[in-house]
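Q: Submitted below is the structure of interest, expressed as structure tokens.
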Amino acid sequence: MTTVRDATFDVLRRYGLTTIFGNPGSTEVTLLTGLPDDLRFVLALHEGSVVGMATGWAIGHEAPALAVLHTTAGLGNAVGAIATARVNRVPLVILVGQQDRRHLALEPFLTGHLSGLAGDYPVRVDQPVRAQDVPGAVARAFHEATTFRGPALVVVPMDDWEAPFSGETVAAPARMVRPAGIPDGDLAPLVELLSGARSPAIVAGAGAGWEALVALAERLGCPVFQESFGGRAGFPQDHPQYAGVLPADRVRLREALAGHDVVLAVGAPVFRQYPYAPGPLVAAGTSVAVITDDPAEAHRSPADLAYLASPSAVCARLAALLPSSSPAAGRAPMADVPELPAAGRPLRAAHVLRELAQRLPADTVLVEETPSSRPDLHRLVPARTPLGFLSAAMGGLGFAVPAVVGLRMALPDRPVVAVVGDGSALYGVHALWSATHYRVGALFVVLSNGRYAIMDRLADKQGGKAPWPPFTEVDMGGLARSLGCPARRVDSYDELTAALDEVLPSLAAREEPLLLDVTVTVDPDFQP
């Protein structure tokens, strides 16, 4: 007899969802026990790491990944990671276990009120009416996650998996095609706007396609800014037209874009802000256009002209339709790095990042989660490939460590590095066990200052004393080793360079993780 479980496995195979990230609970035992040999289960020790690792896998494969969560507790623990996946626009299919359908009305132990638990962050939450509707719901979740680029949830009662499935209809297309082209006539308003610009500028976001955007930027000969707080680099940051990261407040934003009569945002909103400041986003007389395939991003952008279309397709056609211009200068020369510390003096984050940048292979996948050091990283470690800079666009902590595990599993021949603060690493430290168990050869560079440095500085700016203490007792290396992950303490410049010289040349071939616990002092000049 064919069961709902059998039919669902066929759906998973059809769509390449054969790696299952999960942390098992009793409501998923029926699904997971005795998996076929062609389905692989990957264990994480916390649901935040389950979804974080699946997110990294999906980014690496450029396709949806599959996660399984355990009813209320599992979904609740994973909500922050689900939110990150949505804001980073990463497609996931998430199966959430539920109590037995036959007595849900009585609310037995482990019954979950699940439909709204993750808020508005899932692109879809489906609770199939019948057990036989589960395979179609999973197939639809794959399509929804792909179309809207976010997590799609399917809640499945534990008894559904053993229900018969014969002669049923799977309510989803076997294959979906999404044409990306756009007629030249529809581009005419944007061609006219850009052709008439005296001094255009581009703002590249996480949704921009590198090759097409580079062709357009070189055609226009204009500077290209990176959106602030983006989930990934939208443009090669070693390109001569790269102009740096756009400021995240209106005053500095207007200053950065002053002199540009047309600003084109590609794969980015108009414009991502952090602290509120009064006044317009751009100076009077500046026209703003946006190209994005995210409907919400397009609908909320205060632009003169918005295109809801594939950024890569639009940029490729614009590069062919627009006249060529002389290239503009990019950003100002790189600011100085602090002098090397004297013997016995502490390292700063900038020292670490400079030495890392000088040694990283060009194809390194780098995930950042170090809020107090992010400006230094942007300045010193340019992204040279589309995965050369990744971050949690939602702003929550706990993304980097599990995401790096998933990324390296998806890209086993690429060097993969996490640069995280110790405060950030604590949110996802469980994933180090998975990295060790599954022989994930990633490098975790932890900048340990024993405190939430960015929060301390924000409290200083507020004019008061921070009530939270430092956490200097935390030993990141000790935590890593307790999870089976090799770790090394780095306290000096010589120890740092020795470790990087030893590890980085062979990082792509490494078969076990390594955590470098690098002691750093807070930069006195840092401003959040």
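Q: Looking only at residues that are among the charged types (D, E, K, R) and modelled with pLDDT under 85 in the range 332-372, which one is least open to solvent (accessible area, probe 1.4 Å)?
A: Per the criteria, the residue is Asp336.
Q: For the range 82-110, enumerate the residues that are of a type outside the set (A, V, I, L, M, F, W, C) and either over 20 Å from Thr18 (Cβ atoms) or without any contact (Cβ under 8 Å) to a residue 60 or more places away in the chain (or both).
A: Across the range 82-110, the qualifying residues are Thr84, Arg86, Asn88, Arg89, Gln98, Gln99, Asp100, Arg101, Arg102, His103, Glu107, Pro108.
Q: Sticking with this structure for a sec: Is it fair to say Ala243 is in a strand (DSSP E or B), over 21 Å from Val87 (Cβ atoms), touching a strand residue (DSSP E or B) at 6+ places or on another chain (Cβ under 6 Å) and open to solvent by 10 Å² or more (accessible area, probe 1.4 Å)?
A: Yes.
Yes/no matrix, rows are residues, columns are (1) farther than 17 Å from Pro223 by Cβ; (2) open to solvent by 40 Å² or more (accessible area, probe 1.4 Å):
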| position | (1), (2) |
| --- | --- |
| Ala268 | no, no |
| Pro275 | yes, yes |
| Gly279 | yes, no |
| Ala283 | no, yes |
| Ala303 | yes, no |
| Ala320 | yes, yes |
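Q: Identify, please: which residue in the range 411-420 is open to solvent by 10 Å² or more (accessible area, probe 1.4 Å) and of a type outside the set (D, E, K, R) and is, among those, farthest from Asn88 (Cα to Cα)?
A: Looking at the filtered set, the residue picked out is Pro412.
Q: To continue, here is another question. Would you confirm whether any residue within the range 168-176 is among the acidic types (Asp, Glu) and at pLDDT 95 or above?
A: no
Here is a yes/no grid of residues against (1) touching a Phe, Trp or Tyr at 6+ places or on another chain (Cβ under 8 Å); (2) at negative phi; (3) in contact (Cβ under 8 Å) with a residue 24 or more places away in the chain:
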site: Ser391; (1), (2), (3): yes, yes, yes
site: Met409; (1), (2), (3): yes, yes, yes
site: Arg414; (1), (2), (3): no, yes, yes
site: His430; (1), (2), (3): no, yes, yes
site: Arg439; (1), (2), (3): no, no, yes
site: Ala442; (1), (2), (3): no, yes, yes
site: Tyr452; (1), (2), (3): yes, yes, yes
site: Arg457; (1), (2), (3): yes, yes, yes
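Q: Okay, moving on. Which one is farthest from Ser325 (Cα to Cα), of the residues in the range 214-226 that are open to solvent by 10 Å² or more (accessible area, probe 1.4 Å) and not basic (Lys, Arg)?
A: Here the residue is Phe225.
Q: Given the condition of a type in the set (A, V, I, L, M), in contact (Cβ under 8 Å) with a residue 12 or more places away in the chain and either farther than 27 Å from Gly231 by Cβ or open to solvent by 20 Å² or more (accessible area, probe 1.4 Å) (or both), answer yes or no: does some residue in the range 285-301 qualify?
A: no
Q: Still on this model: Mind counting the residues in the range 456-487 that are open to solvent by 80 Å² or more (accessible area, probe 1.4 Å) and either of a type outside the set (S, T, N, Q) or touching an Asp or Glu at 6+ places or on another chain (Cβ under 7 Å) (or both)?
A: Result for the range 456-487: 8.
Q: Would you pick out the residues in the range 373-409 that are more than 20 Å from Gln241 (Cα to Cα), among the small types (Gly, Ala, Ser), open to solvent by less than 30 Å² (accessible area, probe 1.4 Å) and not in a helix (DSSP H, G or I)?
A: Ser391, Ala392, Ala393, Gly396, Gly398
Q: Same structure again: Give me the residue from the range 310-331 that is polar (S, T, N, Q) and out of contact with any Cys (no Cβ under 8 Å at 6 or more places or on another chain) and, out of that set, modelled with the lowest pLDDT.
A: Ser326
Q: Having 1 or more residues that are of a type in the set (Ser, Thr, Tyr) is the bar; report the helices (runs of 4 or more DSSP H) wholly within the range 410-507 that clear it.
A: Fully inside the range 410-507 and qualifying: 422-425, 431-437, 476-482, 493-503.
The values are calculated or read from the model by the stated rules, or taken from the named source; none is laboratory data. Just so you know, these numbers come straight off a predicted model, no measurement behind them. Heads up, the Cβs are rebuilt from the backbone with ideal geometry, glycines too, and the neighbour counts pull from every protein chain shown. What goes into the accessible areas is simple: the full protein's heavy atoms, side chains included, and nothing from ligands, DNA or RNA. Shrake-Rupley method; radii C 1.70, N 1.55, O 1.52, S 1.80 Å.
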